[in-house]
Amino acid sequence: MVRIVLALVLLASCSGSPGGPTMKSSMNGGADPVPQSSPVISADILSREPVANTASVKHILIGWNDGESHDPRAAKRTKKDAEDQIKALMTQITAGGDFDALMKQWSEDPGSAGTGRAYTVSPDAQLVIEFKQLGLRLKVGEVGVVQSDYGFHIMKRVE
């Protein structure tokens, strides 16, 4: 029992992978994750158990004017506008659209939009909790949507 508690304490104190995204690792000062109530959210994927301990994902971030996005495009967009943009992008992706090209054109994440870089997701990664929750539930090649304080993330697991 003591070993299990010690292992959990050590796991909780890990700082994540160096060079990862600069997103907060907890939301609202450590409060619960952002409620996933939008119709564009992948509730079916979020409701299942994680399928991996580590995953490599690419994402397209679309923010809106009352979120924490610092992109000027988000400042001009309402949440409803962001949902409409997510629906349009998901239509293109499910029809076989090039995820990397769409990411470069539309993503508001300064850490990956221009580079096409994938993020490594693990339970201790320094990423917003919602990003980790979806990333670890995606199957390789699968695409889903989650909401965080930064906006909507269309995520595709690449490994």
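Out of (1) surrounded by fewer than 13 Cβ atoms within 10 Å (Cβ to Cβ); (2) modelled with pLDDT under 95; (3) in a loop (DSSP other than H, G, I, E, B), the odd one out for ASN53 is which?
Going through (1) surrounded by fewer than 13 Cβ atoms within 10 Å (Cβ to Cβ); (2) modelled with pLDDT under 95; (3) in a loop (DSSP other than H, G, I, E, B) one by one, ASN53 breaks only (2).
Every residue in region 116-145 that is among the charged types (D, E, K, R) and open to solvent by less than 10 Å² (accessible area, probe 1.4 Å), please. Full working, then the answer.
So the first thing to find is which residues in region 116-145 are among the charged types (D, E, K, R), and the list is 117, 124, 130, 132, 137, 139, 142.
Selection gives GLU130 alone.
Could you list all residues from region 58-116 that are in a loop (DSSP other than H, G, I, E, B) and of a type in the set (D, E, K, R)? Working first, answer last.
Of the residues in region 58-116, the ones in a loop (DSSP other than H, G, I, E, B) are 63-71, 76-78, 95-98, 107-116.
Passing the criteria: ASP66, GLU68, ASP71, LYS76, ARG77, ASP98, GLU108, ASP109.
Mind telling me which of the residues SER17, SER37, SER69, SER47 ends up being among the polar types (S, T, N, Q), modelled with pLDDT of 65 or more and surrounded by 10 or more Cβ atoms within 10 Å (Cβ to Cβ)? Spell out the reasoning first.
Values: SER17 fails: modelled with pLDDT of 65 or more; SER37 fails: surrounded by 10 or more Cβ atoms within 10 Å (Cβ to Cβ); SER47 fails: surrounded by 10 or more Cβ atoms within 10 Å (Cβ to Cβ).
Exactly one of SER17, SER37, SER69, SER47 is among the polar types (S, T, N, Q), modelled with pLDDT of 65 or more and surrounded by 10 or more Cβ atoms within 10 Å (Cβ to Cβ), namely SER69.
Within region 108-115, can one find any residue that is closer than 12 Å to SER56 by Cα, crowded, with 17+ Cβ neighbours inside 10 Å and either at pLDDT 95 or above or not acidic (Asp, Glu) (or both)? Before the answer, list the steps.
Of the residues in region 108-115, the ones closer than 12 Å to SER56 by Cα are none.
There is no residue in region 108-115 that is closer than 12 Å to SER56 by Cα, crowded, with 17+ Cβ neighbours inside 10 Å and either at pLDDT 95 or above or not acidic (Asp, Glu) (or both).
Across region 80-99, what is the total count of residues that are surrounded by fewer than 15 Cβ atoms within 10 Å (Cβ to Cβ) and either touching a residue at least 24 places away in the same chain (Cβ under 8 Å) or among the β-branched types (Val, Ile, Thr) (or both)?
3
Filtering region 117-143 down to residues that are in contact (Cβ under 8 Å) with a residue 40 or more places away in the chain and part of a helix (DSSP H, G or I), which residue is nearest to VAL57 (Cα to Cα)?
GLY135
Tally time: how many residues in region 56-66 are open to solvent by 70 Å² or more (accessible area, probe 1.4 Å) and either in contact with a helix residue (DSSP H, G or I) (Cβ under 6 Å, 6 or more places away or on another chain) or free of Cβ contacts under 8 Å to residues at least 12 places away in the same chain (or both)? Step through it out loud before you land on a result.
Filtering region 56-66 for residues open to solvent by 70 Å² or more (accessible area, probe 1.4 Å) gives 65-66.
Narrowing the set further to residues that are either in contact with a helix residue (DSSP H, G or I) (Cβ under 6 Å, 6 or more places away or on another chain) or free of Cβ contacts under 8 Å to residues at least 12 places away in the same chain (or both) leaves 65.
Result for region 56-66: 1.
The values are calculated or read from the model by the stated rules, or taken from the named source; none is laboratory data. Keep in mind it's a predicted model, so treat the numbers as computed, not measured. Cβ atoms come from the backbone with ideal geometry, glycine included; neighbour counts cover every protein chain shown. Accessible surface is based on the protein model in full, side chains and every heavy atom, while ligands, DNA and RNA are left aside. Shrake-Rupley method; radii C 1.70, N 1.55, O 1.52, S 1.80 Å.
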